[in-house]
1. Scanning segment 281-295 for residues that are among the hydrophobic types (A, V, I, L, M, F, W, C) and open to solvent by less than 60 Å² (accessible area, probe 1.4 Å), which turns out nearest to E209 (Cα to Cα)?
2. Taking segment 1-28 only, how many residues are in a strand (DSSP E or B), touching a helix residue (DSSP H, G or I) at 6+ places or on another chain (Cβ under 7 Å) and open to solvent by 10 Å² or more (accessible area, probe 1.4 Å)?
3. If a residue must be open to solvent by 60 Å² or more (accessible area, probe 1.4 Å) and closer than 18 Å to P309 by Cβ, how many such residues does segment 245-271 contain?
4. What's the number of the condition G336 fails, among (1) closer than 20 Å to G153 by Cβ; (2) exposed (fewer than 15 other Cβ atoms within 10 Å of the Cβ); (3) under 22 Å from the mean Cα position of the chain (by Cα)?
5. Consider L239 against the criteria (1) crowded, with 21+ Cβ neighbours inside 10 Å; (2) under 28 Å from I84 (Cβ atoms): it satisfies all of them except one. Which criterion is unmet?
6. What helices (runs of 4 or more DSSP H) completely inside segment 79-172 contain at least 1 residues that are more than 30 Å from I42 (Cβ to Cβ) and among the hydroxyl-bearing types (S, T, Y)?
7. Could you run through segment 76-86 and say how many residues are among the aliphatic types (A, V, I, L, M) and either open to solvent by 20 Å² or more (accessible area, probe 1.4 Å) or more than 25 Å from H156 (Cβ to Cβ) (or both)?
8. Quick one: would you say V274 is β-branched (V, I, T), more than 23 Å from S162 (Cα to Cα) and open to solvent by less than 40 Å² (accessible area, probe 1.4 Å)?
Amino acid sequence: MTILTINTGSSSVRLAAFASEAGTPNELANVRHDLSDVEPRIILKEFVKTHGFMDISVVAHRVVHGGMKFTASCLVDKEVEREIENLAALAPLHNPVALDWIRAAREVLHPGVAQVAVFDTAFFTALPEVARAYAIPYELSEKYGLRRYGFHGLAHQAMWRSWHESQASNTQEEKGERVITIQLGAGCSITASVHGLPCDTSMGFSPLEGLMMATRSGDIDPGLITFLQRQESLATEQLVQLLNERSGLLGISGISADIRRLLESNDDRARLAVDSYCYRVRKYLGAYLAVLGGGEAIIFGGGVGENSPAVREKILTGMEWCGIEIDPEKNRCSNGMSRISNSGSQVEVWVIPVNEALILMHEAASVVATDGNQN
C-alpha cells in the first residue's frame, strides 16, 4: 500500500510518500514547498509524475482544527469537508489551505483513493479540564464549545515518541516521563506531558494563543484588542488579519518574520523581537516545570527549534536553578536527534527533528484498516 502524506503548515507544505507493508513504513520520497510558491494541483501532479506514483491508495492530510467533533482521524467525506470549512474561522491560516489540498487530491488522483483527515487538535482531546477551561460564563462555553483545543498535536506527539523510543533502548534505570516539547517554527507552541499524555499546552481556542510567533501575536490582553478596535475602527476581519499576519516577530521588528534575518540584524527593534520571542518560551517553560513538578526532558523541534542554536541558548541560559544546563559546544554542533545538555544537567535537553509525516502515515493506515474491517 502506498500512502501519500500532505502536511500543510502556515508557511509551507510537505509531501511524502510511504510504502507500508505489514505495518513497516518505507519512505519513498519527500518534498517541501513554500506556500507562496504553491498551486496545489500543479505541485501534486508533478510529485506523482516525477516519482511514478500511479498506485497511491491513501492520502493523509494534516488538518489543524478539528473542533469538538473530530477527536480522532477519519475518512474525508462531504460532511467532514463541510465541517473543516466551518472551522476555518478558528484557524484561518491553516484549515482553508488543507481544504485546497483535499480538493486538489480528489481532482489529481483517481476516484478510488481514500482521503484521511488527521487533526492536530485530536492529541489534546483529553487535556485536563482545569487546563482547557476559560474563565468566562460556563453557559457560553457549553453553548459554543469554547475551550482550549491545543494545536501542533502531530509535532508534539512525534517529538515525544522519538524521545520515548530512545529511552526504551536505554538499559539504565527507568526514568519518569515528565516531558516538555517545544515546537518553534512559523507557528510556535509548547506542551507539558506525562507518559505521552498532555497536561497543558500553550495554544488554545485558536492557534493564536500562547507563544509569540513569526506573524502571530500569541498571548495578548483582550482589553488591548477592544481598544484597538475602537480607536482604529477595525472590522473583525481586519483584527483577524492584524493578529495573524502582521504581529509577532514581524510586528515588533517591522523588518521580517524570519528569525534568521533578525538574529543577523543590529537594529534595536529586531533585537527586541528576538528577545521577546525567547522570553515568552522561557516564561512558559518555567510555568510548565511547575505544572509537572519538575521534568525529565525538554525537547526542541520545528524549523527554528531544530536549526537555531542561538535561540535555544537564549531560552535556556541561566536556568541552572531548575536543573537545566546546556553544553554550548553540543548546542552549536547539534545535528539530527541529539542531546545538548551537559552530563551534570538534571533535566535532559534534546533537539529532535519533527517527523509529522510518519504520524500521518500511521494514522491513515489505521483509519483505512479499521474502515475495511467494519465493511
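1. Of the residues in segment 281-295, the ones among the hydrophobic types (A, V, I, L, M, F, W, C) are 281, 285, 287, 289-292.
Right, trim to open to solvent by less than 60 Å² (accessible area, probe 1.4 Å) and you get 281, 285, 287, 289, 292.
Working: V281: 13, L285: 15, A287: 15, L289: 19, L292: 21 Å.
In this case the residue turns out to be V281.
2. Initial filter on segment 1-28 (in a strand (DSSP E or B)): 2-8, 12-21, 24-28.
Now narrow it down to the ones that are touching a helix residue (DSSP H, G or I) at 6+ places or on another chain (Cβ under 7 Å): 3, 5-8, 12-18, 20, 25, 28.
Next, only the ones that are open to solvent by 10 Å² or more (accessible area, probe 1.4 Å) stay: 7, 12, 14, 20, 25, 28.
Residues in segment 1-28 being in a strand (DSSP E or B), touching a helix residue (DSSP H, G or I) at 6+ places or on another chain (Cβ under 7 Å) and open to solvent by 10 Å² or more (accessible area, probe 1.4 Å): 6 in total.
3. Here is the first cut: in segment 245-271, the ones open to solvent by 60 Å² or more (accessible area, probe 1.4 Å) are 245-246, 260-261, 263-264, 266-269, 271.
Still in the running and closer than 18 Å to P309 by Cβ: 260-261, 263-264, 271.
Qualifying residue count, segment 245-271: 5.
4. The number of the failed condition is (1).
5. Every condition holds for L239 apart from (1).
6. Values: elements: 95-108, 129-132, 138-144, 153-168.
Because the criterion is at least 1 residues that are more than 30 Å from I42 (Cβ to Cβ) and among the hydroxyl-bearing types (S, T, Y), the helices (runs of 4 or more DSSP H) in segment 79-172 that meet it are 138-144, 153-168.
7. Going residue by residue through segment 76-86, those that are among the aliphatic types (A, V, I, L, M) are 76, 80, 84.
Narrowing further to those that are either open to solvent by 20 Å² or more (accessible area, probe 1.4 Å) or more than 25 Å from H156 (Cβ to Cβ) (or both): 76.
Counting residues in segment 76-86 that are among the aliphatic types (A, V, I, L, M) and either open to solvent by 20 Å² or more (accessible area, probe 1.4 Å) or more than 25 Å from H156 (Cβ to Cβ) (or both) gives 1.
8. Details: β-branched (V, I, T): yes; more than 23 Å from S162 (Cα to Cα): yes; open to solvent by less than 40 Å² (accessible area, probe 1.4 Å): yes.
Spelling it out, V274 is indeed β-branched (V, I, T), more than 23 Å from S162 (Cα to Cα) and open to solvent by less than 40 Å² (accessible area, probe 1.4 Å).
The values are calculated or read from the model by the stated rules, or taken from the named source; none is laboratory data. Just so we're clear, the structure is a prediction, and the values are computed from it rather than from any experiment. Using ideal geometry, Cβ is built from the backbone for each residue, glycine included, and neighbour counts are taken over all protein chains shown. These accessible areas exclude ligands, DNA and RNA; they are computed on the full protein's heavy atoms, side chains included. Shrake-Rupley method; radii C 1.70, N 1.55, O 1.52, S 1.80 Å.
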